[in-house]
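The next block holds one structure in the form of structure tokens; read it before the comments.
Quick note: the coordinates plus some simple rules give every number you see, no bench work behind them. Since this is a predicted model, take the numbers as computed values, not measurements. Here Cβ is always computed from backbone atoms with ideal geometry, including for glycine, and neighbour counts include all displayed protein chains.
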Amino acid sequence: MTDKINDLLKRVAEFSPEAAAEVEEFRIKILGKKGELNALMEEFKRVAPEQKRELGQKLNALKNAATERIAALKAAMADSAALSAEGVEDMTRPGSADGIGARHPISIVKNQIVEIFSRLGYTVAEGPEIEDDHHVFSALNFPPEHPARDMQDTFFIEKNPDILLRTHTSSIQVRAMERTQPPIRIVCPGRVFRNEAISYRAHCIFHQVEGLYIDENVSFADLKQSLLYFAKEMFGEKAAIRLRPSYFPFTEPSAEMDVSCNLCGGKGCNVCKGTGWLEIMGCGMVDPNVLEANGIDSKKYSGFAFGMGVERIAMLKYGVKDLRLYFENDVRFLHQFDSAL
Ligand code: PHE
């Protein structure tokens, strides 16, 4: 009888069915009323009393092992049936990889600009996108009705001409001057809004990084050197800059800064329109009127300011020809920046 028990135990352990029906068949054969286990139980009644104890324990162990094994096989069959209903048939097939996100090119370039100036000791300042006339225009030396207000077509809010969407992040610089005395050394990244027709080179929303440095004895030479450093860090060691006289109400003297075209190396191409130069920012010495209007002594302090469009820098850096691509979230465009910073 011991041999029969051991043989059955072995068959239970080795049983490996391919379908759920086989498990049920096996259960009936072993555990059913007329099954092998009950046959052994009948036999057990007839064994000698001195063997009862040992064989009884063996039979119990066999019964438990068979019950457990059959229950486990049934559960496994039910799971795989559910999986194949979901269409997952081959559990050894490699899974599909999750795509990881990437930074938007505008964020990449904005972070780079901020990081370059932070190496020169600038800290980041931020301010509201919905502003008032004072912080965007009046405190920056734009008199009322001054035609320079038309340089930037403004979105006004709720028929109240005093509340508007900032047209430049210079408003953050005004807030910094109101709050603190020099030395002030800040960069102001942020979204700005202008009522312009959308085209490949203009959008009604774009991003700027502006900067402001005020201290004793700050000169135009400091401005030039700081911006040359920026150009070289951003566009490479070979980058050269040139400053052309310009006009802004809040700086005097004012300039537009060009950087040598990094696509043709200054020889002239269709991106730089044959000139070898690309315009990248406005800058100048802060007008003493602006310092005084914001509570800073213009006899003691002087400073410079600059401002650039992030989309434009990113276009030049990556050779992007249409500014609208930045706003459309086409992943075929965005994935090209996966490996950047
Ligand atoms: N605020 C100017 C603009 O948005 C840029 C600028 C900033 C020019 C600082 C000079 C100095 O066009």
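Here are a few things to note about the model shown:
- Rg in Å to one decimal, and Dmax rounded to a whole Å, for segment 191-341 via C-alpha atoms: 17.3, 55
- Of the peptides 138-147, 296-305, 94-103, 71-80, the ranking by mean beta-carbon count within 10 Å, highest at the top, reads 296-305, 138-147, 71-80, 94-103.
- Packing here is the average count of other Cβ atoms within 10 Å per residue, and on that basis the peptides 246-253, 234-241, highest first, run 246-253, 234-241.
- Compared with the dominant principal axis of the Cα atoms in the chain, helix 36-45 is inclined by about 40°.
- For the chain, modelled as a GNM whose springs connect Cα atoms under 10 angstrom apart, the maximal fluctuation among Gln208, Gln51, Gln173 occurs at Gln51.
- Across Lys224/Lys273; Lys224/Lys267; Lys4/Lys29, pairs whose alpha-carbon gap is larger than 19 Å: Lys224/Lys273; Lys224/Lys267
- Computed helical MRE - 222 nm, the chain, DSSP H runs ≥ 4 contributing -39500 (n - 2.57), nearest 500: -12500 deg cm²/dmol
- The label-point distance for Lys63 and Glu216, in a model that sets each label 7 Å from Cα toward Cβ, rounds to 10.1 nm.
- The ranking of Ser118, Ser107, Ser199, Ser254 from fewest to most other beta carbons within 10 Å of each one's beta carbon is Ser199, Ser118, Ser107, Ser254.
- The distance linking segment 116-186 with segment 202-277 is 20 Å (Cα centroid to Cα centroid, whole angstrom).
- Magnitude of the charge dipole, segment 41-153, Cβ model with Lys/Arg +1 and Asp/Glu -1, debye to 20: 1580
- For Gly284, the amide hydrogen comes within under 5 Å of the amide hydrogens of Ala255, Ala305, counting only partners 5 or more places away or on other chains and with H modelled in the peptide plane.
- When the chain is treated as a GNM with alpha-carbon contacts under 10 Å, the residue of Phe156, Phe15, Phe306 showing the greatest mean-square fluctuation is Phe15.
- Inter-label distance for Asn160 and Glu328, nm, one decimal - labels placed 7 Å from Cα along Cα-to-Cβ: 3.8
- About the centre of its Cα atoms, the chain shows a dipole size close to 1200 debye [charges on the beta carbon of Lys, Arg (+1) and Asp, Glu (-1) only; nearest 20 debye].
- Peptides 111-117, 316-322 ordered by average Cβ neighbours within 10 Å, highest first: 111-117, 316-322
- Using the Cβ-Cβ distance between Arg119 and Ser96 with R0 set to 30 Å, the FRET efficiency works out to roughly 0.10.
- Pairs from the table (Lys232/Lys299; Lys34/Lys74; Lys110/Lys321; Lys34/Lys63) lying more than 26 angstrom apart at Cα are Lys232/Lys299.
- 0 to 90° range, to nearest 10: angle between helix 20-31 axis and the chain longest Cα axis: 40
- Annotation: cysteines of the chain without a disulfide-compatible partner (Cβ-Cβ under 4.7 angstrom) are Cys188, Cys204, Cys283.
- Principal-axis analysis of the Cα atoms of the chain puts helix 2-14 at an angle of about 30° to the longest axis.
- Unit charges at the beta carbon, dipole of the chain: most positive-side option, Leu8, Ala48, Met315: Ala48
- For the chain, with +1 on Lys and Arg beta carbons and -1 on Asp and Glu, the positive-most of Ala61, Pro143, Ser260 along the dipole: Ala61
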